[in-house]
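Notes to accompany the following structure.
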Amino acid sequence: MGRITEQRSREELRELQSERLRTTVEHAYENVPFYRNRLDGAGVSPGDVGSIDDLEKLPFTTKEDFRAEYPDGLFAVDDDEILRIHASSGTTGTPKIVGYTEGDLGLWREVMARSMKAAGVGSNDTVQNAYGYGLFTGGLGFHGGAEALGATVIPTGSGNTQRQIKLARDLESDALCCTPSYALYFAETAEGMGIDPRDLPLSTVLYGAEPCTEPMREEIETRLGATGIENYGLSELIGPGVAVECREAQDGMHIWEDHFYPEIIDPRTGETLPEGEEGELVLTSLSKEAVPVLRYRTGDLTTLASEKCACGRTMVRMDSVTGRADDLLIVRGVNLYPSQIEAVVLEFEEVAPHYRIDLSREDELDRLELTLELTEAFDGDREQLCGEILERLQNVLSFRPDALELVEYGTIERTEVGKVKRVYDHR
Ligand code: DLL
């Protein structure tokens, strides 16, 4: 069944999407006053939405809408149908609350099991789940998927890393689920315990929830001697399980578009962009009951590609997220994303994958300070390396930080629990 679902022809898929969109729009309009007002305001009635081609008629939904409707203004079912609550991990302001019906939990397990299978995890595998359990969707999302797949789950949750390493060794975990920054922290901690992480039985790391550039993935794969598979998702849509890379190609994340319909828009104008252009990802849920979402602006920047993948799956692929529209650093008129800086500096093998960016303002001028960590083995000329990195940043990004500091390995604070923070804006 899995293969058939994932290899549907594009036409067949579109028909299914259209049918599900009609149901979703009706459901949202009938049961959520917020959507009814929005659609009425835009002069659109559910009857005007016949197929996916009509999606553009619908207004966007934003993070601000979720916050304004806090806690459950976007819920479309009665309280007694809600089996579970989760919330976004947003660091600022009001959390975005989401609910799940029994059907939603089933859907979530299905897309997560599908994701883990695409990552190469099988029913005989042992999955160590180091995503945080709780309101964050990472822990319970991967947990449900691994169980639905028939794998063995070790629900370690985040933190307590030395114990995690012992468990991975003694219980012979095949897969580790965690953020990319935690995967590196895991490797580092093992090394500190005198255990070579490559000797652990792990063969897959299912990373996600944070941006991760290609050099960072390579670092995870080499340090842990495992294949890194990227996962993408967000609480507002369901949690993890929206998109995943396939192990066969590792070339973009397949969006499970029979349940989540993607569009790419220009974040400034809201206009739909042609396929292949980078813009903001907008997602519409096609099968959700408790919190249907219409044209949700994720804030995440990416590109879509719909040509058939080497793995045989027909579902569209999204690139790794370059950044969030609100992560954009505007420094003295230059626009850049932290991930662009990361991709350039991690090309230097003398640099460890830990860095921080500090923004401040001096005499009305923006100032960007970049702190990079050296690898443990580094014993070269720091000044020369500094010069080389600055020159490379200038050449690739036309940007030179105001200060570049190279610090000893282990100096930059590690994140053991939750999402990593690398940018500190003091302005
Ligand atoms: O982070 C869900 C998740 C858990 C995804 C575990 C993958 C693995 P939220 O806490 O609601 O949900 O945060 C969602 O995290 O809008 C992105 O900005 C970011 N994000 C998630 N996956 C990736 C990724 C979970 N692979 C927000 N690359 C999203 C970059 C990601 N950013």
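The values are calculated or read from the model by the stated rules, or taken from the named source; none is laboratory data. All figures in this text were calculated on a predicted structure; none of them were measured in a lab. For neighbour counting, all protein chains shown are included, and Cβ atoms are generated from backbone atoms with ideal geometry for every residue, glycine included. What goes into the accessible areas is simple: the full protein's heavy atoms, side chains included, and nothing from ligands, DNA or RNA. Shrake-Rupley method; radii C 1.70, N 1.55, O 1.52, S 1.80 Å.
Using a Cα-Cα cut-off of under 12 Å, which aspartates and glutamates could be cross-linked to Lys96, ignoring same-chain neighbours fewer than 8 residues away?
Cross-link targets: Glu64, Asp65, Glu69, Asp72, Glu236.
Could you work out how far helix 382-397 tilts from the main Cα principal axis of the chain, as a 0 to 90 degree angle to the nearest 10?
30
Decide, for the stretch 328-425, between rounded, prolate and oblate: order the square roots of the alpha carbon gyration tensor eigenvalues as a ≥ b ≥ c, take rounded if a/c falls under 1.5, and otherwise choose prolate if a/b is larger than b/c, else oblate.
oblate
Taking the chain as a Gaussian network, Cα atoms linked when under 10 Å apart, which of Gln162, Gln17, Gln250 shows the biggest mean-square fluctuation?
Maximum fluctuation in the GNM of the chain, among the listed residues, is at Gln162.
With all protein chains present and a 1.4 Å probe, how do His254, His426 order by accessible area, largest first?
His426, His254
Cα axis of helix 214-224 to longest principal axis of the chain: angle in degrees, 0 to 90, nearest 10?
Taking Cα atoms only, the helix is inclined about 70 degrees.
Taking all pairs of different Cα atoms in the stretch 1-321, averaging 1/r and flipping that mean, what Kirkwood radius in angstroms comes out? Walk me through the numbers before you get to the answer.
Details: mean 1/r = 0.0498 Å⁻¹.
Result for the stretch 1-321 stands at 20.1 Å.
Write out the trypsin sites (Lys or Arg not before Pro) in the stretch 242-313 meeting two conditions: DSSP loop, and at most 10 other Cβ atoms within 10 Å of their Cβ.
Arg268
By a straight-distance test (C-alpha under 21 Å), which lysines pair with Lys308 as possible cross-link partners, with residues fewer than eight away in the same chain excluded?
Here the lysines satisfying the reach criterion relative to Lys308 are Lys117.
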